[in-house]
Amino acid sequence: MKKVFNPPSVRRPFGNYNHGLLVPPGASLLVTSGQLGIGLDDRIPADVTAQAELCFKAINAILDEAGMSFADVIRISGFVTTREDFPAYMAVRDRYVQNPAPASTLLIVGGFTRSEFLVEVEVTAAKVM
């Protein structure tokens, strides 16, 4: 369904992602808002791993409700507040990534709406229905 683009004239991806994906005509597109590491009980875990898990679980629920899965994700955008959180975030992210790996961006940001938040994740998914 999706065509992967990693041209030889561009450095290979640093991790579990592709530089580009082409979605076929007729695919339904789902764009999520950024999901934060907060539970239904309004609790915010103190560490980035637990927060990232909550982000990806929320995204999984949104995908499921749309009749999609992580296999349909074509782009992941992650935002963390410190460079030291990259490995923990990536470990969680890579448990959810499926082939072909999506395009991906990871940014360090100055913060979120509340200082307790350490990570935010949003995805774009496409699927021929």
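What's the total number of residues in segment 16-42 that are in contact with a strand residue (DSSP E or B) (Cβ under 7 Å, 6 or more places away or on another chain) and open to solvent by less than 50 Å² (accessible area, probe 1.4 Å)?
Within segment 16-42, residues that are in contact with a strand residue (DSSP E or B) (Cβ under 7 Å, 6 or more places away or on another chain) and open to solvent by less than 50 Å² (accessible area, probe 1.4 Å) number 14.
Listed residues Pro45, Pro13; which is open to solvent by less than 80 Å² (accessible area, probe 1.4 Å), over 21 Å from Ala126 (Cα atoms), of a type outside the set (A, V, I, L, M) and touching a His at 6+ places or on another chain (Cβ under 7 Å)?
Just a single option satisfies the conditions, and that option is Pro13.
Checking the conditions here, which among Arg83, Arg114, Arg93 is open to solvent by less than 50 Å² (accessible area, probe 1.4 Å) and among the charged types (D, E, K, R)?
It is Arg93.
Would you mention how many residues in segment 87-117 are in a loop (DSSP other than H, G, I, E, B), farther than 26 Å from Phe5 by Cβ and of a type in the set (Gly, Ala, Ser)?
3
Which condition breaks for Glu84 when tested against (1) farther than 19 Å from Met129 by Cβ; (2) part of a loop (DSSP other than H, G, I, E, B); (3) more than 12 Å from the chain's Cα centre (by Cα)?
Of (1) farther than 19 Å from Met129 by Cβ; (2) part of a loop (DSSP other than H, G, I, E, B); (3) more than 12 Å from the chain's Cα centre (by Cα), only one is false for Glu84: (2).
Being within 26 Å of Arg43 (Cα to Cα) and of a type outside the set (A, V, I, L, M) is the filter; apply it to segment 96-111 and report the residue that is surrounded by the fewest Cβ atoms within 10 Å (Cβ to Cβ).
Gly110
Has segment 68-76 got at least one residue that is in contact (Cβ under 8 Å) with a residue 40 or more places away in the chain, outside any helix (DSSP H, G or I), under 16 Å from Ser104 (Cα atoms) and touching a helix residue (DSSP H, G or I) at 6+ places or on another chain (Cβ under 9 Å)?
There is at least one residue in segment 68-76 that is in contact (Cβ under 8 Å) with a residue 40 or more places away in the chain, outside any helix (DSSP H, G or I), under 16 Å from Ser104 (Cα atoms) and touching a helix residue (DSSP H, G or I) at 6+ places or on another chain (Cβ under 9 Å).
Could you check Phe56 against (1) in contact with a Leu (Cβ under 8 Å, 6 or more places away or on another chain); (2) surrounded by 14 or more Cβ atoms within 10 Å (Cβ to Cβ); (3) modelled with pLDDT of 95 or more and say which number it fails?
Of everything listed in (1) in contact with a Leu (Cβ under 8 Å, 6 or more places away or on another chain); (2) surrounded by 14 or more Cβ atoms within 10 Å (Cβ to Cβ); (3) modelled with pLDDT of 95 or more, Phe56 misses just condition (1).
I'm told Ser69 meets every condition in (1) closer than 18 Å to Asn16 by Cβ; (2) open to solvent by less than 40 Å² (accessible area, probe 1.4 Å); (3) touching a strand residue (DSSP E or B) at 6+ places or on another chain (Cβ under 9 Å) except one. Can you identify the failing condition by its number?
So the condition that Ser69 fails would be (2).
The values are calculated or read from the model by the stated rules, or taken from the named source; none is laboratory data. Values in this document were obtained by computation on a predicted structure and should not be read as measured data. Cβ atoms come from the backbone with ideal geometry, glycine included; neighbour counts cover every protein chain shown. Quick note on the areas: whole protein, heavy atoms, side chains included, nothing else; ligands and nucleic acids left out. Shrake-Rupley method; radii C 1.70, N 1.55, O 1.52, S 1.80 Å.
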